[in-house]
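What follows is one structure encoded as structure tokens, with my remarks underneath.
Read-outs: derived from the displayed coordinates by stated rules, not from any lab. No experiment lies behind these values; they were computed from the predicted model shown. All Cβ positions, glycine included, derive from the backbone under ideal geometry; neighbour counts span all protein chains shown.
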Amino acid sequence: MPAFAADGARADLDRFSENVQNLSASFEQQVYDDSGTALDAASGTLALARPNRFRWDYLEPEEQRIVADGDNIWIYDVELEQVSVRPQSFDEQQSPLAVLLDVASLDQQFNTEDRGDKDGASWLRLTPKSEDAEFAHVDLGFRDHQLARMVMVDIVGQRTEIVFQDWKRNTTLPPATFYFEPPKGVDVVGDVRPGAKVQPVGE
């Protein structure tokens, strides 16, 4: 029987990720410090696609675009008129959201724990196996078999909570979704490395 025939958050993840090639959604994000004090809040849209590509468009309160094209990661701060770019490393591909596109790699990269039901969602905790990970753990909350929330706690205790809405899967994304060219007149910081060796998701 398929894995998602069972119950629980891991089964929800398996069902959500089955045969997925790309995903898109809107999100609201809130960051808290280690004492629980609210810091930054933001909202926008995101898109993910196999292999190795993602895009976050922060629309409020300030416009920022983050694009991973498979070779480089581009971060464009619209207000500052500045673009920073760096090679996309294999470690950066091992993000919690990457498992949505390649659930087969989940057990290679993370220890998992079903945390049961809370706040109307079924929760799965991912703890990275790598000692160099920048976060301590990530909790994925599923509601109605959809990823509803993600809570990431970093190594210093800062917590990032993201609420997702309106997931779309395997849609026709515009060709320019994962392509970025710095606008004329903006400052570009960093080096572009065309054709960088980036290991595809699932290999």
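Results for (1) more than 22 Å from Arg50 (Cβ to Cβ); (2) in contact with a strand residue (DSSP E or B) (Cβ under 7 Å, 6 or more places away or on another chain), shown as yes or no for each residue.
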position: Ser105; (1), (2): no, no
position: Phe110; (1), (2): no, yes
position: His137; (1), (2): yes, yes
position: Leu147; (1), (2): no, yes
position: Val153; (1), (2): yes, yes
position: Val156; (1), (2): yes, no
position: Thr172; (1), (2): no, no
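Yes or no: region 49-71 includes at least one residue that is surrounded by 16 or more Cβ atoms within 10 Å (Cβ to Cβ) and closer than 22 Å to Arg143 by Cα.
no
Take the residues in region 74-103 that are of a type in the set (Gly, Ala, Ser) and within 17 Å of the chain's Cα centre (by Cα), then tell me which one is surrounded by the fewest Cβ atoms within 10 Å (Cβ to Cβ).
Once the filter is applied, the top-ranked residue is Ser89.
Could you list, in sequence order, all residues of region 53-75 that are in a strand (DSSP E or B) and in contact with a Phe, Trp or Tyr (Cβ under 7 Å, 6 or more places away or on another chain)?
Those that are in a strand (DSSP E or B) and in contact with a Phe, Trp or Tyr (Cβ under 7 Å, 6 or more places away or on another chain): Arg53, Arg55, Gln64, Arg65, Ile66, Val67, Ala68, Trp74.
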